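Presented below is the structure to which this report refers.
The values are calculated or read from the model by the stated rules, or taken from the named source; none is laboratory data. All of these numbers come straight from a predicted model, not from anything done at the bench. Because the Cβ atoms are built from the backbone with ideal geometry, glycine has one as well, and the counts that use them run over all protein chains shown.
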Amino acid sequence: MSGNVDKWLAAFRGQGPGPLFSTSRDIELILKLLIELNNRVKELENEVKRLTKEIKKLTIKLEERGDVQ
């Protein structure tokens, strides 16, 4: 997924002076980039939630064993 983001960002870098995004194709690429970035953010949010739950489970196990104060 991030490969497309990198590709789009690379396409926009290095453009000369003037409007950076001027055509409908540019706007379409920006929208696709935003959608992809939004999806990635959602994936990362879910991963954070999963890891938070795992940390809580592990903390409870350590507390039961007396390894955590």
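Which members of the stretch 59-69 meet the condition of being of a type in the set (D, E, K, R) and exposed (fewer than 10 other Cβ atoms within 10 Å of the Cβ)? If the condition is that a residue be of a type in the set (D, E, K, R) and exposed (fewer than 10 other Cβ atoms within 10 Å of the Cβ), then GLU64, ARG65, ASP67 are the ones that fit. Inspect all residues belonging to the stretch 38-58 and state whether any of them is over 24 Å from the mean Cα position of the chain (by Cα), surrounded by 11 or more Cβ atoms within 10 Å (Cβ to Cβ) and either at pLDDT 90 or above or of a type in the set (A, V, I, L, M) (or both). So far as the stretch 38-58 goes, yes, one or more of its residues are over 24 Å from the mean Cα position of the chain (by Cα), surrounded by 11 or more Cβ atoms within 10 Å (Cβ to Cβ) and either at pLDDT 90 or above or of a type in the set (A, V, I, L, M) (or both).
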